[in-house]
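The values are calculated or read from the model by the stated rules, or taken from the named source; none is laboratory data. Small disclaimer: the values here were computed from a predicted structure and weren't measured. Here the Cβ positions follow ideal geometry from the backbone for every residue, glycine too, while neighbour counts run over all protein chains shown. Note: accessible area is taken over every heavy atom of the protein model, side chains too, but ligands, DNA and RNA are not part of it. Shrake-Rupley method; radii C 1.70, N 1.55, O 1.52, S 1.80 Å.
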Amino acid sequence: MTKDKIINIAVIAHVDAGKSTLVDAFLAQSGVFRDNEEMKDCVMDSNDLERERGITIYSKNCSVMHNGYKINIVDTPGHADFSSEVERIIKTVDTVILLVDSSEGPMPQTRFVLSKALEQNLNPILLINKIDKKDARIDEVVDEVYELFMDLEANDTQLDFPILYGIARQGIVVRDPSEVDNLQVEAADGTKIKKSASGLGGLNITPLFDTIINHVEGYPDMDDEPLQLQISTLGYDDYIGRLGVGRIYKGTIHQGEAIAVVKPDGSYATAKIGQTFIYRGMKRVAVDEVRSGDIVVISGIPDITIGDTLCPETAINPLPSISIEEPTLSMNFIVNTSPFAGKEGKYVTTRHIRDRLHKELEVNVGLLVEDTGSTDSFKVSGRGELHLSILIEQMRREGYELAVSKPEVIYRKGDHGQKQEPVEEVVIEVPDEYAGTVISDLNLRKGLMVSMEGKNGRSRIIYTVPTRGLLGYRSQFINQTHGEGTMVQRFVGYEDYKGPVPERTAGAIIAQEEGFSTPYALNNVQERAQLFIGPQTHVYEGMIVGQNSRTQDMIVNPCKAKKATNTRAAGSDDAVKLSPHRIFTLEEALEWINDDELVEITPEDIRIRKKILGELERRRSGRI
């Protein structure tokens, strides 16, 4: 059997640059799908949350064949909160395709993922995507990418990167943008032609395939050397248990083979491989033998973890451990103690929550779980709000019920014992008329402006802001810019403590008793508050039902009914008209709460409550 040459590539970019769409084109044009098989958009984003939010959360593998080469493709997350996924994957590939939007140019996450690739001495391929945009500025974006490479101290070989141009949604890559000048990508009404990953107008992604093969030599044949395989990703199968995914750097691996599993600290234990799988297209296929250079999935080792090296007992040769950047944000996961506890959820006890968090640790290496002084609370730390909220949302959908506290940043001590806090770079694009409001607000949040430039009536502002200052800011930003602004952020490091940051100034409207809300009571409340609930909502004492227009908390009875009398007066019995109430997403609820409040999460509802439910107990605790 002739051995295919193997090249492993990763597609890296900022959120929404078109990574998953480009992978669709790879799969569509390499014969993975039958002619009569329907192909979904972003076919690699198989998780429900990924499809709903339109983002990649977990890195995934597939493979395609081209001219005798097997090309393993890894689709990576573009959001900074899932950076631990990117860091591990970069170690297993031969090159990366850096995708940059022809209008936006390099964004904060572009810098992060590119820096990780350059650290591994990879030589990237640049693909300027979405060149059919009306506001495309291709030449300027290429110059910005060169500047980014130089800022990241790329060597001469890395700076000599090939440049391609593409429209990933139509499965087109060209060497010169002029090749698509006469291509019809819009319908008569001005809308984009329906997505077709299989190419358009005689153009396809063959130039990208050819560039990959010319730019990267196939992995050298190291089959005869002792096995060396490092686990970079974990998976789970309901039938065969825990799975380890990694690249074989040397040697071959066989089904049923006895090997040594070497931990990062140098200790090792013997184990027996269960099954071995490789990727063909999007499918995981069982094989008897996997050779050097390929990405393999193995089963049969229940305690295998990321960073473990597999090698023969007679030739222990571990690879350097995979270091993951530390968490910057934490929150407490607490057993739900509200009066409605256990009515909707399937898993509600401390044991259930602990087991689920420890199961998550097996595959989510950017997460940290610690016990607290309380038996019904766990401190969970992650890379950002989205990282933690995705975990909470998954638990909620699986039937878990819990309460979570306000996110808090993780401080650390500097070289001289000073208090330091995480700082993020924020890139904001807003219409010029809103720029002043945004700048004023970020200054109050201890932000420091790095640069500002205006073009075509829009301002692009770059700030460094403490992570604390950005908690709760996103929803306010959307209101300030009337939904026309964009904001992206990435963690840049720790700096000295910046001082107090203003929190939410508006007070909460708190329910006085348990019952069902009435239109009559809510009509009286809405005159001085923004409501979070509608009529006939089941509430309990201590539950927050709205936001006060003033700074103080206010206790109301949303269940109060209108007294029935025989007296009638013209105009006084008109139907009650309630304003639409605010419905929180999970992220918005986490942003809104203060230190004395919790978000109660059940499979059916997201509620906001006070930590201490009783009015008398809250007053007593305020006096102490």
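Numbers below:
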{"read-out": "Out-of-range pairs (alpha-carbon distance over 22 Å; input LYS19/LYS455; LYS19/LYS130; LYS5/LYS272; LYS133/LYS455)", "value": "LYS19/LYS455; LYS5/LYS272"}
{"read-out": "Among the listed pairs LYS70/LYS116; LYS413/LYS498; LYS419/LYS610; LYS343/LYS611, those beyond 21 Å (Cα-Cα)", "value": "LYS70/LYS116; LYS419/LYS610"}
{"read-out": "Whether the stretch 387-474 is rounded, prolate or oblate, judged on the alpha carbon gyration tensor where a/c under 1.5 counts as rounded", "value": "oblate"}
{"read-out": "Long-range HN-HN contacts of ARG137 with modeled amide H, under 5 Å", "value": "SER103"}
{"read-out": "Heavy-atom accessible area ranking, 1.4 Å probe, most first, across CYS62, CYS559", "value": "CYS559, CYS62"}
{"read-out": "Positive-end extreme of charge dipole, the chain - chosen from ILE461, VAL287, ASN61 (charges on Cβ)", "value": "ILE461"}
{"read-out": "Whole-Hz couplings from phi, Karplus 6.51/-1.76/1.60, listed for the stretch 345-351; x for Gly and Pro", "value": "x, 9, 10, 10, 8, 4, 4"}
{"read-out": "For peptides 437-443, 69-75, sequence by mean Cβ density within 10 Å, most packed first", "value": "69-75, 437-443"}
{"read-out": "PHE112 accessible area, 1.4 Å probe, all protein chains in place, Å² to nearest 10", "value": "20"}
{"read-out": "The stretch 476-489 - phi-based ³J(HN,Hα) in whole Hz, Karplus 6.51/-1.76/1.60, Gly and Pro as x", "value": "5, 4, 4, 5, 4, 9, 6, x, 9, x, 10, 9, 10, 9"}
{"read-out": "Net charge, GLN512 excluded, C-beta distance under 10 Å - Lys, Arg +1, Asp, Glu -1", "value": "-3"}
{"read-out": "Accessible surface of GLU360 - all protein chains present, 1.4 Å probe, nearest 10 Å²", "value": "10"}
{"read-out": "From phi via Karplus (6.51, -1.76, 1.60), per-residue ³J(HN,Hα) for the stretch 398-414 in Hz, x at Gly/Pro", "value": "7, x, 8, 10, 7, 10, 10, 8, 4, x, 10, 6, 9, 8, 8, 9, x"}
{"read-out": "Convex hull (Cα only) mean projected area of the chain, reported in nm² to one decimal", "value": "35.4"}
{"read-out": "Shape of the stretch 312-442, Cα gyration tensor, a/c cut at 1.5", "value": "oblate"}
{"read-out": "Surface accessible to a 1.4 Å probe, THR252 within the full protein complex, Å²", "value": "30"}
{"read-out": "Accessible surface, per residue, of the chain when the full set of protein chains is kept, probe 1.4 Å, Å²", "value": "46"}
{"read-out": "By accessible area with a 1.4 Å probe, ligands and nucleic acids excluded, highest first: order of MET452, MET395", "value": "MET452, MET395"}
{"read-out": "Cα centroid separation - the stretch 254-283 against the stretch 601-622, whole Å", "value": "49"}
{"read-out": "The stretch 402-438-the stretch 290-314 distance, computed between alpha-carbon centres (Å)", "value": "39"}
{"read-out": "Filtered trypsin sites (Lys or Arg not before Pro), the stretch 522-564: DSSP coil and at most 16 other beta carbons within 10 Å", "value": "ARG528, ARG550, LYS562, LYS563"}
{"read-out": "The chain, accessible surface, carbon-and-sulfur percent (1.4 angstrom probe)", "value": "47"}
{"read-out": "Heavy-atom SASA rank of HIS14, HIS416, HIS581 (probe 1.4 Å, accessible area, largest first)", "value": "HIS416, HIS581, HIS14"}
{"read-out": "Lys/Arg +1, Asp/Glu -1 at C-beta; the chain dipole; positive extreme among HIS581, LEU118, VAL174", "value": "HIS581"}
{"read-out": "Under-5 Å amide H pairs with VAL492, H placed in peptide plane, nonlocal only", "value": "VAL423, GLU424, GLU425"}
{"read-out": "Given charges at beta-carbon only (K, R positive; D, E negative), |dipole| of the chain in Debye", "value": "2160"}
